[in-house]
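Notes follow once the structure below has been shown.
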Amino acid sequence: MKNYDVIIIGAGIGGLISGCYLAKSRFKVLLIDQHFAPGGYCTSFRRGGYKFDTSVHYIGGVKKGILSKILRELEFLDFQFDQSDPSDKIILSEAETYIRANPYDTMYEFKKTFPKESLSISSFFKFVMHTSLPNIYRKLSNATFKDFLDSYFTDERLKTALGLLLLGNMGMPPSQISAPVSIIFMREFLLDPGYYPRGGMQEFTNHLVEKFKQLGGELRLSQKATKIITEKNIAKGVVVYPNTSIKSNFVVSAADATRTFNEMIDYKTKESDIVNKLIPSNSVFVVYLGLKTSLKNLLNETCNIWYFLDGNLDKSYKSLKDTIRQGRINMAMISFPSAKDRSLTSSRKDTVEIFTLATFETGKFWLKNKNLLSDKLLSLAERAIPNISKHIDLKITATPHTFYRYTLNREGASYGWASTIDQVNSSLLPQLTSVRNLFLAGHWSIMGAGQGGISTVALSGKKVAERIIALKNT
């Protein structure tokens, strides 16, 4: 039986980045995933001649942010990204504005839409763009993003526009989410936004896989880890379904932390009670559309569209479960993958993806209501794209149960743990666990920088690899 230095459970971006760093340092690494495709939420799928991105709609920080440093260190320089400008359009009931490739252009767009807040917008952008992370944490460690917004702005529409980006990308409104986490996200989103991998999200993941293999790593897909082998509270490997034991010196779980500690370890650990008390982020409900006409015939611009009906983000978030159960939708994010990369379709037809936040509910609920809710979501999207319903060639829905089935993420969570003030404390669930030689990566580990987004999970993979490399060198 072949032994490994490190076994990584979960081939999402956190697991892949961790594997690349470890393999680069000449560790013998095995990466396993229960799904048939690597990437976690950063994947794509094909139906009826169309190619769709599962969840991630674009990537930030490729040239200037966290991810740029990681890609340089891994010599991941030959892969091509296309940057959209504008990357996003925010539509509220009484205001519209844009996110542009250049942050100063974004600042101008906000000032144009909210002229009375012009000076405050300049101050806000200056703080987000130039304040060091230690100073951000020192000033705002106990503040919510709402507190931060309130300190700059009085216009509720402006605060809603900025808060909508958080609700859609981090799954939480400003009143619930940590201010430092929000600012870290805003830096990726405002300073270097809108990158789309040439060929789609799966191509980005596939190139990471190729890099991992070039560095000597081994990937096994469609293999579900059922147990983490331990001896005297030391991780020694994993058991893969149905009953194959694989030995290693270290184990990294880049998979759901609740399952890791409550199902994969045979005894109670310090983390067993912690994961049961932590709150996961919401999931999403998605409608994927293949069109029998070009998007050019339907709208003039194909940046991501954020559409929000209700003027109160907090109210919408708190009533999300009731809203879903009552068959109502008041927020949508609309993405156009084929417009970002024409290689995604074999013809001149286009793809549209419509997302909204959703609670897990029961399988029976979704079976009964997914068609109704998909119609409601499509109706909302039609306010931004008139007559789109007349041009649908293919329609696919994905519920939170769909995302659970493919990722095994608790309640189909899209962003790992909810990034509240209480749940970004890195001492809660650190990457170094109470089980010796067992580590956490991905959006279920807590580093203090929030749990959602490609850049953050990539950083978690880098950090956990550095910990293991340092241990071996001591």
> Of the residues 21, 98, 4, which is open to solvent by 30 Å² or more (accessible area, probe 1.4 Å) and modelled with pLDDT of 95 or more?
Replying inline: 98
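Quick one: how many residues across the stretch 9-21 are within 12 Å of residue 221 (Cα to Cα) and not in a loop (DSSP other than H, G, I, E, B)? Before you say what the answer is, go through the steps one by one.
So the first thing to find is which residues in the stretch 9-21 are within 12 Å of residue 221 (Cα to Cα), and the list is 9-12.
Checking the rest, the ones that are also not in a loop (DSSP other than H, G, I, E, B) come to 9, 12.
Final tally of qualifying residues: 2.
Assess whether residue 243 counts as being more than 24 Å from the chain's Cα centre (by Cα) and open to solvent by 10 Å² or more (accessible area, probe 1.4 Å). Reasoning before the result, please.
Details: more than 24 Å from the chain's Cα centre (by Cα): yes; open to solvent by 10 Å² or more (accessible area, probe 1.4 Å): yes.
Judged against the criteria, residue 243 is a match.
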> Of the residues that make up the stretch 319-330, is at least one in contact (Cβ under 8 Å) with a residue 24 or more places away in the chain, of a type in the set (D, E, K, R), loosely packed, with under 15 Cβ neighbours inside 10 Å and within 20 Å of residue 352 (Cβ to Cβ)?
Replying inline: no
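For residue 369, are the conditions met, namely being of a type in the set (S, T, N, Q), open to solvent by less than 60 Å² (accessible area, probe 1.4 Å) and more than 24 Å from the chain's Cα centre (by Cα)? Steps first, please.
Values: of a type in the set (S, T, N, Q): yes; open to solvent by less than 60 Å² (accessible area, probe 1.4 Å): yes; more than 24 Å from the chain's Cα centre (by Cα): yes.
Answer is yes for this residue.
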> Which of the residues belonging to the stretch 231-254 are over 20 Å from residue 445 (Cα atoms) and β-branched (Val, Ile, Thr)?
Replying inline: 239, 240, 244, 246
>> With the requirement that a residue be more than 17 Å from the chain's Cα centre (by Cα), closer than 19 Å to residue 80 by Cα and assigned to a loop (DSSP other than H, G, I, E, B), what does the stretch 22-69 give you?
In response: 63, 64
> Yes or no: residue 123 open to solvent by 50 Å² or more (accessible area, probe 1.4 Å) and farther than 16 Å from residue 88 by Cβ?
Replying inline: yes
>> Exactly one condition in (1) more than 25 Å from residue 7 (Cβ to Cβ); (2) buried (at least 24 other Cβ atoms within 10 Å of the Cβ); (3) touching a helix residue (DSSP H, G or I) at 6+ places or on another chain (Cβ under 8 Å) is false for residue 456; which is it?
In response: (1)
>> Just checking, does the stretch 377-390 include any residue being surrounded by 22 or more Cβ atoms within 10 Å (Cβ to Cβ), closer than 18 Å to residue 443 by Cβ and not β-branched (Val, Ile, Thr)?
In response: no
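Would you confirm whether or not the stretch 284-294 contains a residue that is touching a Lys or Arg at 6+ places or on another chain (Cβ under 7 Å), of a type in the set (Phe, Trp, Tyr) and assigned to a strand (DSSP E or B)? If you could, list the steps in order and put the result at the bottom.
Taking the stretch 284-294 as the starting set, the residues that turn out to be touching a Lys or Arg at 6+ places or on another chain (Cβ under 7 Å) are 287, 289-292, 294.
Going one step further and asking which of them are of a type in the set (Phe, Trp, Tyr), we end up with none.
There is no residue in the stretch 284-294 that is touching a Lys or Arg at 6+ places or on another chain (Cβ under 7 Å), of a type in the set (Phe, Trp, Tyr) and assigned to a strand (DSSP E or B).
Quick one: in the stretch 422-453, which of the residues that are out of contact with any Leu (no Cβ under 9 Å at 6 or more places or on another chain) and over 19 Å from residue 186 (Cα atoms) is most open to solvent (accessible area, probe 1.4 Å)?
Taking the stretch 422-453 as the starting set, the residues that turn out to be out of contact with any Leu (no Cβ under 9 Å at 6 or more places or on another chain) are 424-427, 434-436, 441-443, 448, 450-453.
Okay, now just the ones that are also over 19 Å from residue 186 (Cα atoms), so 425-427, 434-436, 441-442.
Numbers: 425: 77, 426: 54, 427: 83, 434: 44, 435: 0, 436: 155, 441: 1, 442: 10 Å².
Once the filter is applied, the top-ranked residue is 436.
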> Can you tell me which residues in the stretch 97-117 are of a type outside the set (Lys, Arg), over 27 Å from residue 58 (Cα atoms) and touching a residue at least 12 places away in the same chain (Cβ under 8 Å)?
Replying inline: 117
> Since residue 465 meets every condition but one in (1) at pLDDT 95 or above; (2) open to solvent by 30 Å² or more (accessible area, probe 1.4 Å); (3) farther than 19 Å from residue 286 by Cα, which condition does it not meet?
Replying inline: (2)
> Can residue 275 be described as among the β-branched types (Val, Ile, Thr), part of a strand (DSSP E or B) and out of contact with any Asp or Glu (no Cβ under 7 Å at 6 or more places or on another chain)?
Replying inline: no
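Suppose the filter is touching a Cys at 6+ places or on another chain (Cβ under 9 Å), more than 24 Å from residue 439 (Cα to Cα), touching a residue at least 40 places away in the same chain (Cβ under 8 Å) and open to solvent by less than 20 Å² (accessible area, probe 1.4 Å); does residue 59 pass it? Walk me through how you get there before you give the answer.
Working: touching a Cys at 6+ places or on another chain (Cβ under 9 Å): yes; more than 24 Å from residue 439 (Cα to Cα): yes; touching a residue at least 40 places away in the same chain (Cβ under 8 Å): yes; open to solvent by less than 20 Å² (accessible area, probe 1.4 Å): yes.
Yes: the conditions hold for residue 59.
Considering the stretch 126-156 alone, what residues qualify as being touching a Pro at 6+ places or on another chain (Cβ under 7 Å) and either surrounded by 15 or more Cβ atoms within 10 Å (Cβ to Cβ) or in a helix (DSSP H, G or I) (or both)? Before you say what the answer is, go through the steps one by one.
Just the residues of the stretch 126-156 that are touching a Pro at 6+ places or on another chain (Cβ under 7 Å), to begin with: 129, 136-137, 140-141, 144-146, 149.
Across the stretch 126-156, the qualifying residues are 129, 136, 137, 140, 144, 145, 146, 149.
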> Which residues, counting only those in the stretch 78-118, are farther than 30 Å from residue 211 by Cα, under 22 Å from the mean Cα position of the chain (by Cα) and part of a loop (DSSP other than H, G, I, E, B)?
Replying inline: 86, 100
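May I ask you to say which residue of 191, 215, 166 is surrounded by fewer than 23 Cβ atoms within 10 Å (Cβ to Cβ), among the hydrophobic types (A, V, I, L, M, F, W, C) and over 30 Å from residue 3 (Cβ atoms)?
Numbers: 215 fails: over 30 Å from residue 3 (Cβ atoms); 166 fails: surrounded by fewer than 23 Cβ atoms within 10 Å (Cβ to Cβ).
Just a single option satisfies the conditions, and that option is 191.
May I ask you to say which residue of 12, 40 is on the phi > 0 side of the Ramachandran plot and surrounded by 16 or more Cβ atoms within 10 Å (Cβ to Cβ)?
Numbers: 12 fails: on the phi > 0 side of the Ramachandran plot.
Of 12, 40, the one residue that is on the phi > 0 side of the Ramachandran plot and surrounded by 16 or more Cβ atoms within 10 Å (Cβ to Cβ) is 40.
Residue-by-condition table, conditions (1) within 17 Å of residue 90 (Cα to Cα); (2) among the hydrophobic types (A, V, I, L, M, F, W, C):
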{"residue": "292", "(1), (2)": "no, no"}
{"residue": "303", "(1), (2)": "yes, yes"}
{"residue": "306", "(1), (2)": "yes, yes"}
{"residue": "311", "(1), (2)": "yes, no"}
{"residue": "324", "(1), (2)": "no, yes"}
{"residue": "330", "(1), (2)": "yes, no"}
{"residue": "339", "(1), (2)": "no, yes"}
{"residue": "362", "(1), (2)": "no, no"}
> What pairs come up if the first residue lies in the stretch 118-140 and is of a type outside the set (Gly, Ala, Ser), the second is open to solvent by 30 Å² or more (accessible area, probe 1.4 Å), and their beta carbons are under 6 Å apart, counting only those six or more places apart or on different chains?
Replying inline: 121/111; 124/152
> Can you name every residue in the stretch 273-306 that is open to solvent by 10 Å² or more (accessible area, probe 1.4 Å) and of a type in the set (Gly, Ala, Ser)?
Replying inline: 294
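The values are calculated or read from the model by the stated rules, or taken from the named source; none is laboratory data. Because the structure is a prediction, the values reported are computed rather than measured. Every residue, glycine among them, receives a Cβ derived from its backbone with ideal geometry; neighbour counts consider all protein chains shown. Only protein heavy atoms, including side chains, enter the accessible area calculation; ligands, DNA and RNA are left aside. Shrake-Rupley method; radii C 1.70, N 1.55, O 1.52, S 1.80 Å.
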